[in-house]
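Following: one structure in structure tokens, then a few remarks.
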Amino acid sequence: MKQHSILLLLLVVWISSCDPGFKGEYYSLQGFTQGTTYHITYQHPTETDLTEQIDSILRRFDASLSSYDSTSIISAINRNDLGGKTDSLFRTVFRESGRVYQVTGGAFDISLGPVINAWGFGSGQQQNPDSAMIDSLLQYVGMEKVSLRGVRLTKSHPGVQLNVNAIAQGYAVDVVAGYLDELGCRNYMVEIGGEIRTHGMNEKGNFWRIGVDRPEYGNMVPGQQLQVIISMHNRSLATSGNYRKFYEKDGVKITHSIDPVSGYPKASNLLSVTILCDECMTADAYATSCMVMGLEKGKIFVEGQKGVDAYFIFGDEYGAYQVWYTDGMKKYIELP
């Protein structure tokens, strides 16, 4: 559920500085993938530039999972082309999406594609939906309507459409990080669309410091107004929020966090969710799920997940910002 980088749910920015006395050169790469941007910093044991190799990995993701690429596998599946044939990237995302669908009680649902498009947050054109349209589209929503049989995806109805933007970028981070691990890179930071995985240390020889933006409407410049800094290594982080990706209709803010049950944008005082765990794919999906659940249900959910920490920003009854975080998150938090 992400579009171009300026419209990301909530960007996180990596913060590091160069220390010439630290041995070993760090390489920094940046570019575009899956309708957003990426930034990768790594220290290679033989000081190799990996631009071409990483670009090749990310092109595979676009060809498989990008709904902004009309030739991708997911676009073909949504058009009911190619007999539903998938690749390994698609199958991994689909299986994890099914697991998250189950553990979140349906708060995370990649079959929400037609509804996302209708509200104008997908690859389709905004349709200004009314209740009759939403009711009509909801008949195509639900993970029980899609299944994998070998390498082929089957649908219960051709109107079922998938949108994996709330999990695919996290998985891309994991795959690139795994590639760096295989090459023996002990120190790196991989960021795609605001989803991040780190290992080892930054160029100063410290843990990677990740800034989470203050969720103020109109705060469109990442890193300009930080709420908190997360100091981390050997973990993944994803953040979701509603203050950047929204539009107004008749004086009402329409946000991207859509409830799969009602088909409508979720009204909530929960403004931002940051999830910290081992796999970025999981962090990505859980952050979106919590935004759909809302503050109280989101708290209960993350506290029940082993190895998962969270940092919530919400508005109180007076409109002031408040924060809540799990006990395990305390050791990672720095003030900006």
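The values are calculated or read from the model by the stated rules, or taken from the named source; none is laboratory data. Note that the structure is predicted; figures quoted are calculated from it, not measured. No Cβ is skipped: glycine too gets one built from the backbone with ideal geometry, and neighbour counts run over all protein chains shown. All accessible areas refer to the heavy atoms of the entire protein, side chains included, with ligands and DNA or RNA removed. Shrake-Rupley method; radii C 1.70, N 1.55, O 1.52, S 1.80 Å.
Points worth noting:
- The chain, accessible surface, carbon-and-sulfur percent (1.4 angstrom probe): 50
- Mean residue ellipticity, 222 nm, helices only, the chain: the sum of -39500 (n - 2.57) across DSSP H runs of n ≥ 4, divided by residue count and rounded to 500, is -8000 deg cm²/dmol.
- Taking every protein chain into account, the 1.4 Å probe leaves residue 301 with about 20 Å² of accessible area, to the nearest ten.
- Note that region 95-103 has calculated 3J(HN,Hα) couplings of 5, 5, 4, x, 5, 5, 3, 6, 6 Hz, one per residue in order, obtained from phi through the Karplus relation 6.51 cos²θ - 1.76 cosθ + 1.60 (θ = phi - 60°); glycine and proline are x.
- Distance from the C-alpha centroid of region 42-66 to that of region 85-153: 28 Å, rounded to the whole angstrom.
- GNM flexibility winner over the chain from 44, 199, 157 (Cα, springs under 10 Å): 157
- In the chain, taking the dipole from charged Cβ atoms about the Cα centre, the farthest positive-side position among 38, 173, 228 is held by 173.
- Computed about its Cα centre, the charge dipole of the chain is approximately 580 debye, with only Lys, Arg, Asp and Glu carrying charge at their Cβ.
- Accessible surface of residue 130 - all protein chains present, 1.4 Å probe, nearest 10 Å²: 90
- Flagged links, alpha-carbon separation over 32 Å, of 204/297; 145/266; 155/330: 204/297; 155/330
- HN-Hα J in Hz across region 181-193 - Karplus 6.51, -1.76, 1.60, θ = phi - 60°, x for Gly and Pro: 4, 4, 7, x, 6, 8, 10, 6, 9, 10, 10, 10, x
- Radius of gyration and Dmax over the Cα atoms of region 34-131, both given in Å: 16.8, 59
- With 20 Å bins from 0: P(r) over the chain, alpha-carbon pairs, percent: 33, 58, 9, 0
- Solvent-accessible ranking of 329, 201, largest area first, probe 1.4 Å: 201, 329
- The chain - percent relative contact order, Cα under 8 Å, separation 6 or more: 19
- ³J(HN,Hα), Karplus 6.51/-1.76/1.60, whole Hz, each residue of region 81-90, x for Gly, Pro: 9, 6, x, x, 5, 10, 10, 5, 4, 4
- The alpha-carbon of residue 306 sits under 17 angstrom from the alpha-carbons of these aspartates and glutamates, leaving out residues fewer than 8 places away in its chain: 96, 278, 279, 284, 327.
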